[in-house]
1. Give all pairs with beta carbons closer than 6 Å in which a residue from region A:367-382 that is over 30 Å from A:Gln401 (Cα atoms) and within 14 Å of chain B (Cβ to nearest Cβ) meets a residue that is in a helix (DSSP H, G or I) and not small (Gly, Ala, Ser); count only pairs at least 6 apart in sequence or on separate chains.
2. Of all residues in region A:329-366, which are part of a helix (DSSP H, G or I), touching a residue at least 40 places away in the same chain (Cβ under 8 Å) and hydroxyl-bearing (Ser, Thr, Tyr)?
3. Of all residues in region A:424-466, count the ones that are surrounded by fewer than 18 Cβ atoms within 10 Å (Cβ to Cβ) and at positive phi.
4. If you take the residues of region B:90-118 that are in contact with a strand residue (DSSP E or B) (Cβ under 7 Å, 6 or more places away or on another chain) and of a type outside the set (Gly, Ala, Ser), which of them is modelled with the lowest pLDDT?
5. Examine region B:32-40 for a residue that is without any contact (Cβ under 8 Å) to a residue 12 or more places away in the chain and either within 15 Å of the chain's Cα centre (by Cα) or closer than 24 Å to B:Lys111 by Cβ (or both), and state whether such a residue exists.
6. Within region A:386-403, how many residues are within 14 Å of chain B (Cβ to nearest Cβ) and either of a type in the set (Gly, Ala, Ser) or surrounded by fewer than 20 Cβ atoms within 10 Å (Cβ to Cβ) (or both)?
Amino acid sequence: MAAITRFAKSLTAVGFSYADESDQHTARGLIRMVWGVMIAMILSLFLSLFVLSPGTPQNAALRVGALYITRPHLFHIVAFVITTGATGLIVQAIRRGELRRACVTFVILLLAVVVLNYIPQRYDDPIVILFSLPLIAAGVLLRERDLRNTIVAILITLLVLLVLRMLGLTESLSRGSLGPEETFAYSALALIVSGLMISYFSGHQRLLLDRNLTLTADLRELNTALERSKAELQVANADLEKRVYERTEQLLLATQEAEKANQVKSAFLASMSHELRTPLNAIINFSKFLRNGVVGPLQDEQLELVVGITDSGEHLLNLINDVLDMSKIESGSLKLFVEPDLDVRDIIETAIRYTRPMLAEKPVELQQELPPSLPLMVGDRKRLLQIFLNILANACKFTDQGHVRVKAMTEDGQLLVSVEDTGRGIDPSDTENVFLPFRQTESGLRQGGGTGLGMPICRNLVTAHEGRLWFESQVGVGTTFFVSLPLQTSLEPARSK
Amino acid sequence: MWNVLYVEDDAASRSILRLFQRMNPELMKLTVWEDSQQFEERLLALAPQPDLILLDIHVKPSTGFEMLIMARKHSNFDRVPVVALTASVMNEEIELLQKAGFQGVIAKPLKLEEFPVVVEHIMAGQKTWYVW
């Protein structure tokens, strides 16, 4: 029956949870503790009445009540103090949701009750209370893993014990010969000291907890902020991805449209070229037949007119070719039809053959200084011919007497072709007009018949062959154009068949 | 002396080549067709067999490309040089001709001074892609 009563009282420890939960030590903690004790008393009374001693409620109630009021037994107080502290911790742990910790503390509490219950003779010794103090403190502090304060609490208790021993009090305290008043006084003292200790340490722990909680709250806030910014980032990211996607779509559409427009343009140019070349075939060749007397001799005046037709036809053809070339160059769609093993000598000779008639009526000698063999080249046969033809035609056009000399040589892995004339020369102020589209030199404008496209196209064609085109000139002395073409290029033959 | 077959629907172009042949009778004998009706049958029936075939590209009902395929189907024509004589001489168009298997192109307007040299090159087995 006594054991049951003690156990019931241990349950009064629920009340102590208030003290344990109190914010600070000192007076406020004490007041709370007193309140806790009162509540615990009432609770344990009810518990012993209705739960633990259902058979003899009045008897049990009377006994428990009498214990508290008339004879506060030391052992009861020890049990009270330990169980109160431990139960407070359990309640606290449950509140925090630390169920495992609550269970462990509860097991410790039970063990403490059992141990105290089996101290047969000395249970009312004040010394037991004093020993129980470090147990409580250590329990509280160990739970908080506050090793330093645990050791401090134990040392303080040991110090107190040492002092008591030095004063010779331990003997008399453990003799069990104290009267009720003394026992009460010691018990009250022990109760207050242990309460203060619990309060202090749990207050200390509370401080730690507060700091911890503050930190946790800060962390949680930070975490929330982080989560929020993460979400915002994700939204921004998604938005960005969407925009990139949209842009890409737009770009694709624009590219497709541009490609389509380009195809339309190419088709238009091809068709225009075809449609213009077909009648020019008749104009140029019929007029030539007339000129050559294929269908009968012409009078001088007739001949002059017919020659005019041929020349205009050929001029128109050149114009069409030049405009088409320039349009391709400007749209970046000029493609070389690259062939391997080109005989440059043959190409240069073809160009000379084509231009020779231009000098038929002028005292100008067309000379060629070509080595017997020139290396084979990779390139666009038609475009290379166009380059040499253009330069030669210019030389013939602007030279009224003297010579036009074509030279070719290989040096430093380059084929160097030069076309030297004894023409009127290019004025330094005209230098830049030579290679600008739709611009002509003074003498070019005076002479007439040019488009201002030949040289710009030539330079582009030479560049496309990875070569260089330039000139040196002296007014009144003559001009020399140079074409240098690398023998080794990155040009790939289109199809070798 | 070469036997040349020329298929051309443009009257002016036909006249030019006929006049050229009249001026250079020692160079070639010329057969001119105005369209490509039953090209295959007529080609097989042609005697003597042509040494060179000149094809305009925009001919009806069969285009130059189709005529080339028809000619190449027959073993006795698979080595006869077939050259396009056309005003469609933009780079892309020439690439098409090359891919189709023409041995060359002679551009319109014709440069008749060059014509004998070009024919000589072609008959020597060279590919000619001159465009002026």
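The values are calculated or read from the model by the stated rules, or taken from the named source; none is laboratory data. Note that the structure is predicted; figures quoted are calculated from it, not measured. Heads up, the Cβs are rebuilt from the backbone with ideal geometry, glycines too, and the neighbour counts pull from every protein chain shown.
1. As it stands, the answer is none, since no pair meets every condition given.
2. Residue satisfying the conditions is A:Thr355 alone.
3. Number satisfying all stated conditions: 4.
4. Among those that are in contact with a strand residue (DSSP E or B) (Cβ under 7 Å, 6 or more places away or on another chain) and of a type outside the set (Gly, Ala, Ser), it is B:Ile94.
5. Within region B:32-40 (the criterion being without any contact (Cβ under 8 Å) to a residue 12 or more places away in the chain and either within 15 Å of the chain's Cα centre (by Cα) or closer than 24 Å to B:Lys111 by Cβ (or both)), the answer is no, since none of the residues qualifies.
6. Count: 1.
Here's the yes/no breakdown for (1) assigned to a loop (DSSP other than H, G, I, E, B); (2) out of contact with any Pro (no Cβ under 9 Å at 6 or more places or on another chain); (3) within 13 Å of another protein chain (Cβ to nearest Cβ):
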{"residue": "A:Glu275", "(1), (2), (3)": "no, yes, yes"}
{"residue": "A:Leu280", "(1), (2), (3)": "no, no, yes"}
{"residue": "A:Phe286", "(1), (2), (3)": "no, yes, yes"}
{"residue": "A:Glu301", "(1), (2), (3)": "no, yes, no"}
{"residue": "A:Glu314", "(1), (2), (3)": "no, no, yes"}
{"residue": "A:Leu324", "(1), (2), (3)": "no, yes, yes"}
{"residue": "A:Ser327", "(1), (2), (3)": "no, yes, yes"}
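Let's see how each residue does on (1) in contact with a Phe, Trp or Tyr (Cβ under 7 Å, 6 or more places away or on another chain); (2) farther than 18 Å from A:Gly332 by Cα; (3) not in a helix (DSSP H, G or I); (4) not charged (D, E, K, R):
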site: A:Thr224; (1), (2), (3), (4): no, yes, no, yes
site: A:Glu227; (1), (2), (3), (4): no, yes, no, no
site: A:Glu232; (1), (2), (3), (4): no, yes, no, no
site: A:Val235; (1), (2), (3), (4): no, yes, no, yes
site: A:Tyr245; (1), (2), (3), (4): no, yes, no, yes
site: A:Leu253; (1), (2), (3), (4): no, yes, no, yes
site: A:Gln256; (1), (2), (3), (4): no, no, no, yes
site: A:Glu259; (1), (2), (3), (4): no, no, no, no
site: A:Val264; (1), (2), (3), (4): no, no, no, yes
